[in-house]
Amino acid sequence: MKKIFCITILTFFLFYILGFPEESVQAAAFGLNLWYENMLPTLLPFSILSYILIHSGILDNVTRKAHQLLKHLLPVSSAGIYPLAAGLLFGFPLGSKITADLVLSGKMNREEGQRLFCVCNNISPMFIGSFILTETLQRPDLRFATYLILYIPPLALYMIWNRNRRFQSPIEQSKKAASMNFQLIDAGIMNGFETLAKLGGYIVMFAILAQMTTLIPIDNPVLKCLIIGFTEITNGISYTAGQNLDFSLAYPLMMAYTAFGGLSGFAQTASMVKDTGFSMIPYLLMKLLGTALSFGLALLLVYA
């Protein structure tokens, strides 16, 4: 059944590219532009730096000290502090990639990694503040409230889910001396470019897929916004902004797309963690719960 579904989707994809070459090229160009202007300059340095910090051992001492302060507040090991913070500050999908790197390097146990990557994969504050609030909605005054709407739900869900758990990193049992060399730096650079190249491919493919969804014969503008937004968030936000919807509806819809991350984000995340064997079902369930909470909080904000 899964194979038939994939073949059907790929067939439709191929016919769309052949039947609508101009629209396909425009969508691909939009995806490449998004990747080049937004993701490459912001995520590549963090991706390279994270690889070096994790594999050199330099990060271990810092996270151990931070863990002494936060262990009674957050149910994470010392290794889990960094991906949790990076997922909020650096943006999607670095949270999942860093978690996977820590598990594969033996610095985080698989159970914690499985649970942590479900909530530490969030859209960056830079994208939210600039593209969504300033460029699209022209409401930079909502920056702080929007951050709370998008970041509090996944943190709260994680704390509830793991309220009776205490995770410990294997590195806490075997403290290794930090080391740095050019071989490690070279590996970090190559790893960073490989990661961003994969993300670029997914962004282009899903930009075309999002463009395909605009051809669906649906008269209801809200339903069409939902379909496009939950396919790829950037296209969904732009499309929603162009429908002249009332702000009280457009803003919660955009918060829902952003909290979920789109099917494009789901595919990118699956690519980042494929070598760990993590199940994507808990990730999907946590994203859906977080989306519902963020949508509800956004409605409360606009109608308060």
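Being touching a Phe, Trp or Tyr at 6+ places or on another chain (Cβ under 9 Å) and not hydrophobic (A, V, I, L, M, F, W, C) is a property that Pro93 lacks. Would you list the helices (runs of 4 or more DSSP H) that sit entirely within segment 239-304 and hold 3 or more residues that are in contact with a Phe, Trp or Tyr (Cβ under 9 Å, 6 or more places away or on another chain) and within 13 Å of Gly229 (Cα to Cα)? The helices (runs of 4 or more DSSP H) meeting that bar are 247-260, 262-272.
Screening Asn122 against (1) in a loop (DSSP other than H, G, I, E, B); (2) more than 29 Å from Leu293 (Cβ to Cβ) leaves a single unmet condition, (2).
Set side by side, the residues Ile185, Ile227, Ile189 differ, and just one is β-branched (Val, Ile, Thr), over 30 Å from Ile98 (Cβ atoms) and surrounded by fewer than 21 Cβ atoms within 10 Å (Cβ to Cβ), which is Ile227.
Being hydroxyl-bearing (Ser, Thr, Tyr), in a helix (DSSP H, G or I), more than 25 Å from Met280 (Cα to Cα) and in contact (Cβ under 8 Å) with a residue 60 or more places away in the chain holds for only one residue in Tyr51, Tyr16, and it is Tyr16. In the set (1) closer than 20 Å to Thr195 by Cα; (2) crowded, with 21+ Cβ neighbours inside 10 Å; (3) in contact with a Ser or Thr (Cβ under 9 Å, 6 or more places away or on another chain), Ser50 fails one condition alone, (3). Evaluation of Ile81 against the conditions (1) free of Cβ contacts under 8 Å to residues at least 12 places away in the same chain; (2) within 21 Å of the chain's Cα centre (by Cα) shows that the sole unmet condition is (1). Being over 24 Å from Ser264 (Cβ atoms) and at pLDDT below 90 is a condition met by at least one residue of segment 188-201. Number of residues in segment 248-304 that are closer than 16 Å to Leu94 by Cα, free of Cβ contacts under 8 Å to residues at least 12 places away in the same chain and small (Gly, Ala, Ser): the value is 1. When Ser105, Ser56, Ser77 are checked against the criterion of being surrounded by fewer than 16 Cβ atoms within 10 Å (Cβ to Cβ) and of a type outside the set (A, V, I, L, M, F, W, C), a single residue qualifies: Ser105.
Restricting attention to segment 216-245, the residues being among the charged types (D, E, K, R) and touching a helix residue (DSSP H, G or I) at 6+ places or on another chain (Cβ under 9 Å) number 2.
Every residue in segment 112-163 that is surrounded by fewer than 21 Cβ atoms within 10 Å (Cβ to Cβ) and β-branched (Val, Ile, Thr), please. Scanning segment 112-163 gives Thr134, Thr136, Ile152, Ile160.
Taking into account only those residues within segment 100-116 that are more than 11 Å from Asn162 (Cβ to Cβ) and either among the acidic types (Asp, Glu) or in a loop (DSSP other than H, G, I, E, B) (or both), which is nearest to the chain's Cα centre (by Cα)? The extreme case among them is Asp101. In this entry, Lys97 is excluded by the filter for residues that are over 26 Å from Thr195 (Cβ atoms) and in a helix (DSSP H, G or I). Does segment 173-182 include one or more residues that are part of a helix (DSSP H, G or I) and either modelled with pLDDT of 90 or more or farther than 17 Å from Pro83 by Cα (or both)? Yes: one or more hits.
Is it true that some residue in segment 68-85 is in a loop (DSSP other than H, G, I, E, B) and within 26 Å of Trp35 (Cβ to Cβ)? No, segment 68-85 has no match at all.
Quick grid of which residues meet (1) touching a helix residue (DSSP H, G or I) at 6+ places or on another chain (Cβ under 9 Å); (2) of a type in the set (A, V, I, L, M, F, W, C); (3) under 23 Å from Ser271 (Cβ atoms):
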site: Lys107; (1), (2), (3): yes, no, yes
site: Arg110; (1), (2), (3): yes, no, yes
site: Leu148; (1), (2), (3): yes, yes, no
site: Asn164; (1), (2), (3): no, no, no
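The values are calculated or read from the model by the stated rules, or taken from the named source; none is laboratory data. Owing to the predicted nature of the structure, the values given are computational and were not obtained by experimental measurement. Methodologically, a virtual Cβ is constructed for each residue, glycine included, from the backbone with ideal geometry; neighbour enumeration extends over all protein chains shown.
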